[in-house]
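Written out below as structure tokens is the structure these notes cover.
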Amino acid sequence: MRQKWKAAILLLAVISMLGGCFVEKPVLEELGPEGKGKIKVLYYDEDSFFKEFGNQFNLSYPNIELEVVSTVPIGREMQVNGTTYEEEYIKFIEKNKPDVLIVSRRDLFDKLAEEGKLYNLEAIIEQEKFDLDGYLPGFVDLLRERGSGSLYGLAPYFWTSVIFYNADLFREHHIELPRNRMSWKELIELASRFGEGGSEDDPIYGLVNQDGRADSIFFGVAESMSLRLFDAKGEKIAFNTDAWKEAMELTANAIRDQAVFSTLLDPGFRYGEVEVVQSQNFFKGKVAMVLGTPWFMHELRDYPNYDKEAKPIDWGIVTAPVDPGNPDESQYVSLHEEFAILADSPNKRAAWEFVKYVNGPERAKADSRSLRDLRDELPTRGDHVRDLDGISLEPFFMLRPKASSGTVWGGPNGKIPPGFYWNFANLIKQELRDMIENNKPAEAAVVKIDEEGNAILKQEREREKAEAEEMRRKALENAAKK
């Protein structure tokens, strides 16, 4: 019996030793007993970086030194070299070799991930059991979509819009309050009911959107109808359809009937004046609803301080309009900035500690306590944010972001030339104005947009191709000189 016990003890010892040999190797080496490290971060401005992120991080990680490299010189290099922001950004990171990138432009992040310049976070997230479940629904899916199935960055904040409504004005006109998950068509129908209460010279607008631009209204309508701008092959615009015609008619009628305010018919409006129309007229009972960002909450709270005659109003919020076919998703929800680690960074562990901290649940909880100080961004971990001054904030967090392929611009069209967007938006506004002022039929408008839109697309693609060829020629010349 004694021999059997000795054999059993020896066997357990061997198993224990073997188990020690197979302990999972850390994906990233630890910082060491004193937690010392150093990372270089690319950000717009050093002061704002430390105010927003650095100071709080150093309270928890006092031995990790932060160095900030300002991205301001990128703009100057673009002017000198006649290059794009994307081109100069990539040159800038190759020159400065940062450890952490804070990227706000989606096209730039996608390119960096596609070219293998970003560190894949999946393994370290799995090993450390970093909490992804705490993110609001849809955000991790969107991040993985941008990394072709892998996480190359994390985003602590997002942007969104909601409908703010003046409940007093609705009750005064005996109109039912707006509700969550309305479509644009339903919202415009609701807004149009306020036209009866005003006059041509002193209208009551049912709705004011964020910038007053007719093309913003139009593309919002198109999104809620699940329209796609490009054909199945992604080669050209497919605009001459009954669905696009309906979207044009709905938008034109809403602006013509003053259900929705737009600067389209009053081009004298300067930048920033739409916000004045929103806040002043909302309080004066001349605007029933505002499609606005979280910042509008601050305007509502502070406006009486600037206008002593303003009376308190009963207001609330509901979600921005949605596609009835996908009522839990919204094109108005988007990521703010993505925090990523450079693939060849020699300081990945310290960099990960920073990215992890900024995107972690403790910081999100702290942010929720200081929601009054936020601008337009909200935490992607929304568990702790539910009301402000007694107003429910649930509509801000109710909807998932749409997948990129699910938007008007999405699909198999590949990269859209940057110059196309602005020119195409101007074409839309031109045709809407013609429909409103000259009663141009929607049938004729969609035919013209289809033809001229494809001409713009072809022109911008040729321009982009020529610029790329010119860049290659210059690169070859410079290489030859060296």
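Structure above, values below:
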item: Within the stretch 348-369, tally of residues that are crowded, with 23+ Cβ neighbours inside 10 Å and in a loop (DSSP other than H, G, I, E, B); result: 1
item: Selection within the stretch 304-344 - crowded, with 16+ Cβ neighbours inside 10 Å and more than 27 Å from the chain's Cα centre (by Cα); result: 313
item: Wholly enclosed helices (runs of 4 or more DSSP H) of the stretch 167-240 bearing at least 2 residues open to solvent by 60 Å² or more (accessible area, probe 1.4 Å) and at pLDDT 85 or above; result: 167-172, 184-192
item: Conditions (1) within 22 Å of residue 252 (Cα to Cα); (2) open to solvent by 10 Å² or more (accessible area, probe 1.4 Å); (3) touching a Leu at 6+ places or on another chain (Cβ under 8 Å): number failed by residue 456; result: (1)
item: Qualifying positions in the stretch 312-334 - under 16 Å from residue 300 (Cα atoms) and in a loop (DSSP other than H, G, I, E, B); result: 312, 313, 314
item: Tally of residues being assigned to a helix (DSSP H, G or I) and either out of contact with any helix residue (DSSP H, G or I) (no Cβ under 7 Å at 6 or more places or on another chain) or among the aromatic types (Phe, Trp, Tyr) (or both) across the stretch 407-433; result: 7
item: Leading residue by the ranking (surrounded by the fewest Cβ atoms within 10 Å (Cβ to Cβ)) among those in the stretch 370-391 that are in contact with a Lys or Arg (Cβ under 9 Å, 6 or more places away or on another chain) and modelled with pLDDT under 85; result: 389
item: In the stretch 152-166, the residues that are part of a loop (DSSP other than H, G, I, E, B) and either among the small types (Gly, Ala, Ser) or open to solvent by 50 Å² or more (accessible area, probe 1.4 Å) (or both); result: 153, 155, 161
item: Positions within the stretch 443-480 being over 32 Å from the mean Cα position of the chain (by Cα), free of Cβ contacts under 8 Å to residues at least 24 places away in the same chain and assigned by the TED database to the domain that holds residue 243, in sequence order; result: 444
item: For residue 243: the one exception among (1) open to solvent by less than 30 Å² (accessible area, probe 1.4 Å); (2) of a type in the set (A, V, I, L, M, F, W, C); (3) part of a helix (DSSP H, G or I); result: (1)
item: Residue pairs meeting the criteria (Cβ under 7 Å; at least 6 apart or on separate chains; first farther than 15 Å from residue 407 by Cα, in the stretch 227-247; second of a type in the set (D, E, K, R) and open to solvent by 40 Å² or more (accessible area, probe 1.4 Å)); result: 245/443
item: Selection status of residue 142, of a type in the set (A, V, I, L, M), at pLDDT 95 or above and in the same structural domain as residue 360 (by the TED database); result: no
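The values are calculated or read from the model by the stated rules, or taken from the named source; none is laboratory data. In this text, all values refer to a predicted model and were calculated from it rather than measured experimentally. Note that we place each Cβ from the backbone using ideal geometry, even for glycine, and neighbour counts take in every protein chain shown. Surface accessibility is based on the protein's heavy atoms, side chains included, excluding ligands, DNA and RNA. Shrake-Rupley method; radii C 1.70, N 1.55, O 1.52, S 1.80 Å.
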